Structures are given as C-alpha cells and as structure tokens.
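What follows is a single structure, written as structure tokens, with notes after it.
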Amino acid sequence: MNANNMSSLGFEYSISPVTLGTTLTAETYEGTGIDTQGYEALTFLIVLGALVDVTSYAVHLEDSADDVTYADVASDYFIGSDDILTVATADTLKLRKVGYIGSKRYVRAYLTVTTGGSGSLPHTVIAVLGSPRQAPVASS
C-alpha cells in the first residue's frame, strides 16, 4: 500500500457523532441535523444497547432544506428497508445502518418508543458523509 495515497478511505468520508452513549428514556429523541453540502452520500450508523422494560423503538429520518423545519423522509429516499428502522428486543446490542438518497441539505435521525413505556435504550448514532465533491476531506 502506498503511504502517500490521498485516496485512503479515511480521507473520503467525514464522520459526525449525532449522539454519543445516550440512553433514551423519553418517548422521542431528535438528533442533530447533518449538513450534507459538499457530499453525495449519507449513511447513519445506529449502535443499539439492550432494551430495558420496553418492547420496541423505531428509528426515523427527517430532512430539511433549512435546518429548522423537518419532515419525515419518504421511504423512496432510504437505502435499506423499513425493517432496519424497527428495533425490537432481539435486535439490541447490534449495529444498524440506513442510507439517505434524498435531495434536502439537512438530515437527522430520531428515535421513538413504539411499544412499552418507562424503559430505556442506550444508543449511539453516527452520521457518515461520503463521496465528497472535493477530496481529501479534513479530519473531523
């Protein structure tokens, strides 16, 4: 491998933590909006801990033109399936991913309780921006 190769994977992506080690206990958690300007691809990595006293959660994506007004992303703009976005007890302690191929500049993930009530779900959400229009990208 050439040590001077600027097309190394690490310089072709920008990684942004959306939530780090957060335990979801409320009914909804909204992540931070990710600015996709300058990139052609976005994937959310969702690391799930163990559900406690809750049967399932759902992971949703919202997009926005202005980072103020968000709306649910239509299923046509997902890479993956809706099954990836439903989190049941058997799906915990796993890594899930979902891609976004819509046209809005800002995108965020949010999690909601679908069944259950007062439990918790430890989770981490990471946004990976890829296919930069100008590479290499700066370290984040």
Hey, V59 modelled with pLDDT under 85 and surrounded by 13 or more Cβ atoms within 10 Å (Cβ to Cβ) or not: yes
Candidate set: the stretch 92-109, residues that are under 19 Å from T28 (Cα atoms) and among the β-branched types (V, I, T); chosen: the one modelled with the lowest pLDDT: T92
Positions within the stretch 72-89 being at pLDDT below 70 and of a type in the set (A, V, I, L, M, F, W, C), in sequence order: I84, L85, V87, A88
Residue identified as at pLDDT below 70 and either crowded, with 16+ Cβ neighbours inside 10 Å or within 14 Å of Y110 (Cβ to Cβ) (or both) among L20, L45, L51, L9: L51
Some residue of the stretch 110-122 being modelled with pLDDT of 75 or more and within 22 Å of D35 (Cα to Cα): yes
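The values are calculated or read from the model by the stated rules, or taken from the named source; none is laboratory data. Treat the numbers as computed from the prediction; the structure is a model and nothing was measured. Every residue, glycine as well, gets a Cβ built from its backbone with ideal geometry; the counts of neighbours run over all protein chains shown.
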